[in-house]
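A.B. asks: There's a structure below that I have some questions on.
The values are calculated or read from the model by the stated rules, or taken from the named source; none is laboratory data. Every value quoted in this text rests on a predicted model; they were computed, and no experiment measured them. No Cβ is skipped: glycine too gets one built from the backbone with ideal geometry, and neighbour counts run over all protein chains shown. SASA here: full protein model, heavy atoms, side chains in, ligands and nucleic acids out. Shrake-Rupley method; radii C 1.70, N 1.55, O 1.52, S 1.80 Å.
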Amino acid sequence: MKKILLALSLLIAAGTLVHAQKLDKFGADLGKKSIMGKDLRLPYSDVLTYYGYIKPGATPDETRDGKKFYYLYLWIPAAAPELGIRMVSPVPEGMKPAESDFVSASYKENESDTKSYFDTWVTLERSLTVLSADKISTGASSKWISYGTNDDSGELPAQPSGSKYNSVLRITSSLSDPLNSLVVGLYRIGFTSYKAGEVQGGFVAQVGAPIKLPGICIAPTLEELAKLVKK
Ligand SMILES: [Ca+2]
């Protein structure tokens, strides 16, 4: 057991050295152990990766509390015991989209802009009305509930400023509270820059789950999501 712990510690130490190049594995809250003040997490078995880009000065999807808000719409096809959301800007140097990743048109057009970035802030919300895939296009008139928010996380790589201002959020599904359970349905990741500053530049967003979610999809608009889910 001690040898396994030592190996795990070494892995964590090695992981922190390559932070700027690519992201560490996305670890779950479920099954987390704390050893010598360090959190040891098992990686999520399903991780969706989305590459996005916001043009400087772009019109936001919504203005909320004076902040420019953008959304990523998410179809969750099966009840999940936990979901993790994280967002990093700019895209870490060593990361390139893989075939299975979701890549927005704006990211493809602006891939050469590796310098613009923003101080991320995220929230995860679920539609109270869209519970089946054929209703996704009606999501614009939906009421939404929030599962929580995150501004800054020390577990993610620092931004070019040297500050650890990227965001991670983990939600455990509640068995007793229907409003806090992670049921099948339409979700959205809301993101902005909570402190002063524009939302601009490239980013990578990931959604992790401790079980496989075949058919999970993400898109910047409801129309695109509805098309992806039909495929
Ligand atoms: Ca932040």
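A.B. asks: Being closer than 26 Å to Gly162 by Cβ and of a type in the set (Val, Ile, Thr) is the filter here; which residues of segment 51-110 pass it?
C.D. replies: Ile54, Ile85, Val88, Val91
A.B. asks: Going through Lys115, Lys3, Lys22 one at a time, which residue ends up being within 17 Å of the chain's Cα centre (by Cα), farther than 25 Å from Thr149 by Cβ and modelled with pLDDT under 95?
C.D. replies: Details: Lys115 fails: within 17 Å of the chain's Cα centre (by Cα); Lys3 fails: within 17 Å of the chain's Cα centre (by Cα).
The match here is Lys22.
A.B. asks: Might you check whether a residue that is more than 16 Å from the ligand (Cβ to nearest atom), within 15 Å of the chain's Cα centre (by Cα), part of a loop (DSSP other than H, G, I, E, B) and of a type in the set (A, V, I, L, M, F, W, C) occurs anywhere in segment 214-228? Quick ask: steps written out before the conclusion?
C.D. replies: As a first pass, look at segment 214-228 and keep what is more than 16 Å from the ligand (Cβ to nearest atom): 214-228.
Now restrict to residues that are within 15 Å of the chain's Cα centre (by Cα): 216-220.
The next check asks that each one be part of a loop (DSSP other than H, G, I, E, B); those that pass are 216, 220.
So of that shortlist, the ones also of a type in the set (A, V, I, L, M, F, W, C) come out as 216.
Yes, segment 214-228 contains at least one residue that is more than 16 Å from the ligand (Cβ to nearest atom), within 15 Å of the chain's Cα centre (by Cα), part of a loop (DSSP other than H, G, I, E, B) and of a type in the set (A, V, I, L, M, F, W, C).
A.B. asks: Also, quick follow-up: So, in segment 166-201, how many residues would count as being among the aliphatic types (A, V, I, L, M), within 16 Å of the ligand (Cβ to nearest atom), in contact (Cβ under 8 Å) with a residue 12 or more places away in the chain and open to solvent by 10 Å² or more (accessible area, probe 1.4 Å)?
C.D. replies: Restricting attention to segment 166-201, the residues satisfying the condition of being among the aliphatic types (A, V, I, L, M) are 168-169, 171, 175, 179, 182-184, 186, 189, 196, 199.
Pick out the ones that are also within 16 Å of the ligand (Cβ to nearest atom) and you get 168-169, 189, 196, 199.
When the remaining residues are screened for being in contact (Cβ under 8 Å) with a residue 12 or more places away in the chain, the result is 168-169, 189, 199.
So of that shortlist, the ones also open to solvent by 10 Å² or more (accessible area, probe 1.4 Å) come out as 168-169.
Within segment 166-201, residues that are among the aliphatic types (A, V, I, L, M), within 16 Å of the ligand (Cβ to nearest atom), in contact (Cβ under 8 Å) with a residue 12 or more places away in the chain and open to solvent by 10 Å² or more (accessible area, probe 1.4 Å) number 2.
A.B. asks: How many residues does segment 26-56 hold that are open to solvent by less than 60 Å² (accessible area, probe 1.4 Å) and either part of a loop (DSSP other than H, G, I, E, B) or more than 22 Å from Glu111 (Cβ to Cβ) (or both)?
C.D. replies: Total satisfying the criteria: 10.
A.B. asks: Might you check whether a residue that is open to solvent by less than 10 Å² (accessible area, probe 1.4 Å), under 20 Å from Gly52 (Cβ atoms) and at pLDDT 95 or above occurs anywhere in segment 126-143?
C.D. replies: Looking only at segment 126-143, we keep the residues that are open to solvent by less than 10 Å² (accessible area, probe 1.4 Å), and these are 127, 130, 136, 139.
Among the residues that remain, those that are also under 20 Å from Gly52 (Cβ atoms) are: 136, 139.
Add one more test, that the residue is at pLDDT 95 or above, and what stays is 136, 139.
Among the residues of segment 126-143, at least one is open to solvent by less than 10 Å² (accessible area, probe 1.4 Å), under 20 Å from Gly52 (Cβ atoms) and at pLDDT 95 or above, which makes the answer yes.
A.B. asks: Scan (1) within 16 Å of the ligand (Cβ to nearest atom); (2) under 24 Å from Ile171 (Cα atoms) for the single condition Ser132 breaks and write down its number.
C.D. replies: Among (1) within 16 Å of the ligand (Cβ to nearest atom); (2) under 24 Å from Ile171 (Cα atoms), the lone unmet condition for Ser132 is (1).
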